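Q: Questions regarding the structure given below will be posed in turn.
What follows is calculated from the coordinates using simple rules that are stated; it is not laboratory data. Because the structure is a prediction, the values reported are computed rather than measured. Glycine gets a Cβ as well: all are built from the backbone with ideal geometry, and neighbour counts include every protein chain shown.
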Amino acid sequence: MGISSSRLDKGLTALPDGERYFGLENFGNTCYCNSVLQALYFCQPFRKGVLDYYAQWVEREVEETILTVLGELFQQVRSQKKKSGVLSPKRFVQRLKKENDQFCGYMHQDAHEFLNFLLPKITDILEKEERSRLRAGPNEPVATWLQQIFEGKLVYETRCLQCETVTWTEQSFMDLQLPIEHNWSLTSCLKKYSATSVLSKEDKYFCEVCQCLQEAHRRTKIKHVPQILICHLLRFDPSHHLIAMGWLCRLRKLMHRVVFPMELKLCITTDDTPESDAVYNLFALVVHSGSSMNHGHYVSLIKSSGHWLLYDDDHVTPIPDSKVQMTFGSHMPYGKNTEHGYILFYERADVRPIRPLPRIPSQASISSSSDVSHNKFRKSPSRTAGISEPLGRTYSEPAPDYLDSGGAAKPPRGASELSRGSSDAGHGMGHEPLQSKSGKSRFGLGYLRGSSKSSSSADGSNHGSEGKGRRHNGLGSQKNPFSKSLSSLGTLQRTS
C-alpha cells in the first residue's frame, strides 16, 4: 500500500525528526476525508487543541465523541516511532458515518461538506462542556479554543435606498466562500466577495425606518481576522447542468485559473480592524481533480518546515514548489488540467498559542447541565474524483466538451432553500441570518455563530434590522457511473 516507509524516509531527510508524515488508508471513497484531516493535522494550533483535549478525555469516564476519536487518530500519528508510514482512520470514518448518514455508503462526497460538518460539530461538543463548567445558560455565549483558532467576524453594511438609513450587522464566520472567474487572483476573489450588491425584487431589505421592504445596497467586510483563515473557492456552478453518457451530473466544475499567493494580506478589512495589516502564510490546500462534482479525487498539499508534501491517501511524496503553482489551473479556459486548489488554509504570521484548556468537570456535572441544541446538517451533493497528472493518481473519465469561459459562484448545497443576498459570494460556516417576507429567518449553508447586531443610521438614531436574501438550492447527488482505472505516476506504481 503506497511506497515503503524506508523509501519515503529517504525523501524526507530534510524535514525535522520530531514531525511524523503518515498517509491515511482510503476505504473506497474517503479521499475527501483524508485530505481535510491531513490539512487539519498540520494546523498546529488545532492539533495542539485536539491532543490536549484527548489527553484530558483519557483521564475521565465520559462518552466517546467524534472529537475524541479524532484525538485518538492524531495521537496515533504523533506517537509513531517511524518518521513515515500509513495508518488506518477506520474508527474515525465509522464514527463519522454514525454521526451523519450523509457520509454513509459509497457515494462520492465533497471535502468542503465534510469540513463544514466537522468544525461545527466539534464546536458544539466544546460549547456544551464549557457551559456545564461555567453553569451558563443555553443562550449565553461561551468561547472555546476552536473559536480562537478559526473564528473571525464579518460586518455587513446595508444602506436603504429610500431613506438612506445605514445599519451595520456583525456575524461570525469560520471560512470564506469566494466567487471565482478565469485568470483571477485570490485578492480579486476577496474584492468581489466584499463588493457592493443590490438587494432588489424578491431580495429586498426590510427597513426598520420605512417599516417595509425596500431596495438597498449591501457590502461585506472583515472586522476581526481569524488565526487560521480558510478560503473555499466556489468551483461548482449550479447554473449549468451536464448530461454525459446519459447520466445527469448535477453541478459543472469551473476550470478557472485562480492564482493564490504564498503570503496573503487581506484587503477587505474595516478601517478599525486591529489586525488589518496581518500577513497570512499558506500552509495547506485541498486539491480537487476532475471535471464535475460527481467524479474526481481529492489530495492535499502540505507545507512542513519550508518543504511541500503531496498527501494522496496512503501515499506521501515530497514535491517542489512548482507543483503548487500547477494547481492554479490552466491559462486557457479549455485546458486539460483539472487539478485545482479548492480549499486554502492560511496561518496568520503573528499567530499566538491558544489558551490552556481548563479542567473539565466529571460526567455527573456534565450530564446535569442543560443540553445545547445541535445544528441540523442537511444532505449535500457529492463530488468525486478522477485525478489527472501530475498530482496523485490518474482516473479515466469522459473528456468534458461542455466547458465554457463563463462562471458563477457556487451557492451552498442542500435540500431546503438557502438564503443569500444578490451578491454571489457565500459566507461559509458563519454568515448573516437573512429574513424572509414572512418574518422567519432563513439560514444558508454553514455554521451560524452568535447573534447579529445592528446599530446606527443616517439620522443618528439606532435601528435594528435584518436583511433579506436568497440562496439557490444545490441539487442532489448521483452515483458515479464512470469506471476508474489507475495508472502510474512517475516511478510510483499505484494500486487501489
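Q: Can you work out ³J(HN,Hα) from phi for every residue in segment 169-186, in order, using Karplus 6.51 cos²θ - 1.76 cosθ + 1.60 and θ = phi - 60°, giving whole Hz and x for Gly and Pro?
A: After applying 6.51 cos²θ - 1.76 cosθ + 1.60, I find 10, 9, 8, 7, 8, 10, 7, 10, 9, 9, x, 10, 9, 5, 6, 8, 9, 5 Hz.
Q: Fewest first, what order do Asp52, Asp175, Asp271, Asp314 take by the number of other Cβ atoms within 10 Å?
A: On the way: Asp52 15, Asp175 27, Asp271 6, Asp314 19.
If I rank by nearby Cβ atoms, fewest first, I get Asp271, Asp52, Asp314, Asp175.
Q: Here is a follow-up. Please list 3J(HN,Hα) in residue order for segment 259-265, calculated via the Karplus relation 6.51 cos²θ - 1.76 cosθ + 1.60 where θ = phi - 60°; whole Hz, with x for glycine and proline.
A: So the J values, rounded to whole Hz, are 8, 10, x, 6, 10, 10, 10.
Q: Using the count of nearby Cβ atoms within 10 Å as a rough guide to exposure, how do His112, His340 rank from fewest to most?
A: Details: His112 30, His340 25.
Lowest count first: His340, His112.
Q: Distance in nm between label sites at Val62 and Arg47, each 7 Å beyond Cα in the beta-carbon direction?
A: Going from the Val62 label point to the Arg47 one covers 2.4 nm.
Q: Continuing with the same structure: Kindly write out, for segment 283-298 in residue order, the coupling ³J(HN,Hα) from the Karplus curve 6.51 cos²θ - 1.76 cosθ + 1.60 (θ = phi - 60°), rounded to whole Hz, with x marking Gly and Pro.
A: With the stated coefficients, segment 283-298 comes to 10, 6, 8, 9, 10, 9, 10, x, 9, 7, 6, 8, 7, x, 7, 10 Hz.
Q: Near the amide H of Gly296, under 5 Å away, which other amide H atoms are found, from residues 5 or more places off or on another chain, if H is placed in the peptide plane?
A: Thr384, Ala385, Gly386
Q: Here's something else I'd like to know. Counting other beta carbons within 10 Å of each Cβ, put Met255, Met332, Met326 in order, fewest first.
A: On the way: Met255 23, Met332 13, Met326 17.
Final ranking by Cβ density, sparse to dense: Met332, Met326, Met255.
Q: Let me make sure I get this right: for segment 107-247, a, b and c are the square roots of the gyration tensor eigenvalues over alpha carbons, sorted descending. Under 1.5 in a/c it's rounded, otherwise prolate if a/b > b/c, else oblate. Which is it? Could the numbers behind the result be given before it?
A: Numbers: a/c = 1.82, a/b = 1.07, b/c = 1.70.
Oblate.
Q: Further question: What is the set of long-range amide H partners of Val209 at a cut-off below 5 Å, with H atoms built 1.01 Å from backbone N?
A: When sequence neighbours closer than 5 places are left aside, there are no close amide H contacts.
Q: Further question: So for the pair Ala349, Ser200, with labels modelled 7 Å out along Cα→Cβ, what separation do we get in nm?
A: Distance between label points: 4.2 nm.
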